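The structure appears right after this line, and notes come after that.
The values are calculated or read from the model by the stated rules, or taken from the named source; none is laboratory data. This structure is a prediction, so every number in the text was calculated from the model and none was measured. Note that each Cβ is placed from the backbone with ideal geometry, even for glycine, and that neighbours are counted across all protein chains shown. Side chains included, ligands, DNA and RNA excluded: accessible areas come from the protein's heavy atoms. Shrake-Rupley method; radii C 1.70, N 1.55, O 1.52, S 1.80 Å.
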Amino acid sequence: GVKMVYIIWGSPGSGKTTYAKEHMTAGDILIDFDMLFQALTDGGDHEREYSLFDRVNGVRHYLIDTIRDFPEVRHTWIVYGAPPEKDWEIFRELGAESVFIDTPRRECIRRCIKRGGDPEHWTAIVNKWFDKNEGKEVKWQY
């Protein structure tokens, strides 16, 4: 079949990774910042040592930049909070399909708090995401 690249994006707690895992099949690859962070550090889920952020982001970009070099991979699922404009350009070149996970703000906050961590911290992070990205799902459906 046709190889596809899917960009699964939305707020923290919206269900991006869950969506990707539910739609993946054997031979697919998942590029997910949180999973890479966990794999490359001794931190638990969402326990971020921010000095490592750039390094993990570099690994994510290496994986994205080399998608074409691995023709045996069937589909690539890229989980991303809100890709910057320059990354959307790369995704367009790859013929990627944008999948926006449209979960209400309150539900995202509830899910983030449920999986652990400081409620104020997660409320602020989700609110910041919505304040910055609301309405972009229209712009990025190409």
### Query
(1) touching a residue at least 12 places away in the same chain (Cβ under 8 Å); (2) surrounded by fewer than 11 Cβ atoms within 10 Å (Cβ to Cβ): which one isn't true of GLU120, the others all being true?
(1)
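Could we say that ILE113 is open to solvent by 30 Å² or more (accessible area, probe 1.4 Å), of a type in the set (Val, Ile, Thr), under 18 Å from THR18 (Cβ atoms) and at pLDDT 90 or above here? Steps first, answer last, please.
Details: open to solvent by 30 Å² or more (accessible area, probe 1.4 Å): yes; of a type in the set (Val, Ile, Thr): yes; under 18 Å from THR18 (Cβ atoms): yes; at pLDDT 90 or above: yes.
Judged against the criteria, ILE113 is a match.
Look through the range 20-44, keep the residues that are β-branched (Val, Ile, Thr) and open to solvent by less than 60 Å² (accessible area, probe 1.4 Å), and return whichever of them is farthest from ARG68 (Cα to Cα).
Within the range 20-44, the subset β-branched (Val, Ile, Thr) is 25, 29, 31, 41.
Those left that are additionally open to solvent by less than 60 Å² (accessible area, probe 1.4 Å): 31, 41.
Values: ILE31: 14, THR41: 27 Å.
So, considering only residues that are β-branched (Val, Ile, Thr) and open to solvent by less than 60 Å² (accessible area, probe 1.4 Å), the one farthest from ARG68 (Cα to Cα) is THR41.
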## Note on the structure
Restricting the range 55-91 to residues that are among the basic types (Lys, Arg) and open to solvent by 40 Å² or more (accessible area, probe 1.4 Å), the one farthest from GLY15 (Cα to Cα) turns out to be ARG68
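Right, HIS61: at pLDDT 90 or above, over 15 Å from LEU30 (Cβ atoms) and out of contact with any helix residue (DSSP H, G or I) (no Cβ under 7 Å at 6 or more places or on another chain) or not?
On the way: at pLDDT 90 or above: yes; over 15 Å from LEU30 (Cβ atoms): yes; out of contact with any helix residue (DSSP H, G or I) (no Cβ under 7 Å at 6 or more places or on another chain): yes.
Yes; evaluated as a whole, the condition is true for this residue.
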#### Entry: Selection from the range 116-142 of residues that are modelled with pLDDT of 90 or more and closer than 13 Å to GLY10 by Cα
ILE125, VAL126, ASN127, LYS128, TRP129, PHE130, ASP131, LYS132, ASN133
### Summary
Checked pairs for the range 12-31, first within 20 Å of ILE109 (Cα to Cα), second aliphatic (A, V, I, L, M) and open to solvent by 70 Å² or more (accessible area, probe 1.4 Å), C-beta under 8 Å and 6 or more apart or across chains, list as THR17/MET35
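Looking only at the range 1-19, how many residues end up being within 16 Å of ILE64 (Cα to Cα) and either open to solvent by less than 60 Å² (accessible area, probe 1.4 Å) or at pLDDT 95 or above (or both)? Talk me through it step by step, then tell me what you get.
Taking the range 1-19 first, the residues within 16 Å of ILE64 (Cα to Cα) are 3-9.
This time we only want the ones that are either open to solvent by less than 60 Å² (accessible area, probe 1.4 Å) or at pLDDT 95 or above (or both), so: 4-9.
Residues flagged as within 16 Å of ILE64 (Cα to Cα) and either open to solvent by less than 60 Å² (accessible area, probe 1.4 Å) or at pLDDT 95 or above (or both) within the range 1-19 amount to 6.
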